[in-house]
Amino acid sequence: MNSSVQPNPFNDLAPLQLVTAYGGQCLLNWHAGQFSEVKVADLKPELPVLLCFGRDFSWQLLNTLAQALALPSGSYTLSQSKPHPALPAALRLHLPLTYQPTPALLSRLALDHDCQLVYLAQQPTLRKPGLLLMDMDSTAIEIECIDEIAALAGVGEQVAAITARAMNGELDFAQSLLARVKALAGAPESVLTAVLQTLPLMPGLTELVQQLRQHQWQLAIASGGFTYFTEALQQRLGLSATFANQLEIVDGKLTGRVLGNIVDAKRKAEVVSELAQRYQIAPSQTVAIGDGANDLPMLAEAALGVAFHAKPKVQAAAKAAITTGSLLQLLYLLDCP
């Protein structure tokens, strides 16, 4: 009788190490509150999937999450995803078709365990042309442009208070925009130039744009901000299109007025289908990402709407949420070759 102790992979290898040792995916048994009995997974795993990223995942943490999610007993495929060299590998737990966790539960678990958890029932792919439509302020860039302009113009506190109420959905966006722009009347155009010269791109934006463009995706911005900045980003990043509000400037000074129709939540949502038709992109290949209440219709219109560093109301309503980390993490949510 062989009395030697057989190695236990669940003791010796972390989840990601085990998946790697099994060639990128393995089959686990979930029973009595823990994963066990690892096997080779021969078939390509299917959707839906729970994406787990943003930290190192131990078996203890995975078991804790599975218990909190009340996963039914059975076999589960665990695979990995590393869509870009700058991103650490993520875990993908493939779920039964009949099981769907609530966004509120995932949000609470992610917050409690300092990680990112995203449930996907469908997944746009980089193997076909697609569309990414981004909000600008606090999504493509790290700041709210109008707040920075207002600070330089000496009306920062007044405008910031209106901005916060608008982004929380407490004020009609069009009315709040006009009120904020009116407060800028008389400010020199140089304040716009100063903000543009130090415009901080969201970490991961440049790499994300490069990756998607390599796969024939169209990228655009739809913003309740201003064309002065969106057009500069279009040139800098090689975006396909931008939609934003145009500030009126006369004799080198802001007049406090907006020219033309306002780009509001309704218009941002319209842009999704408009650009998909223009570039002959399948509706299932549309992705939108934003952080504010005025992004919700746009996120709902896209096949995959992602709340990014968003307010709780937006996270709760979006199909998916990325609460911390870089914009490049959006690649985890796509089917990458």
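Throughout, read-outs are computed from the coordinates displayed, never taken from laboratory work. As the structure is a computational prediction, the values presented were derived from the model and not from experiment. Every residue, glycine among them, receives a Cβ derived from its backbone with ideal geometry; neighbour counts consider all protein chains shown.
A few notes on this one:
- Compactness index (Cα Rg / 2.2 N^0.38 Å), the chain: 1.13
- Cross-link partners of Lys128 among lysines (Cα-Cα below 30 Å; sequence separation of 8 or more within a chain): Lys44, Lys82, Lys266, Lys268, Lys319
- Rounded if a/c under 1.5, otherwise prolate or oblate - the stretch 9-120, Cα gyration tensor axes: rounded
- C-alpha center-to-center spacing [the stretch 63-78, the stretch 246-319] in angstrom: 36
- Relative contact order of the chain, pairs being alpha-carbon contacts under 8 Å that are 6 or more residues apart, as %: 19
- When its C-alpha radius of gyration is set against 2.2 N^0.38 Å (N residues), the stretch 190-248 gives a value of 1.17.
- Considering only Cα atoms, the convex hull volume of the stretch 162-205 works out to 99 Å³ per residue.
- The stretch 109-124 versus the stretch 163-220: alpha-carbon centroid distance in Å: 27
- Site-free segments of the chain were taken between GluC sites (Glu not before Pro) in DSSP loops having at most 11 other Cβ atoms within 10 Å, sites themselves excluded; the longest one is 171-337.
- Summed side-chain charge close to Ala316 - residues other than Ala316 whose Cβ falls under 15 Å, Lys, Arg +1, Asp, Glu -1: +2
- Helical contribution to [θ] at 222 nm, DSSP H n ≥ 4, -39,500 (n - 2.57), averaged over the chain, rounded to 500: -10000 deg cm²/dmol
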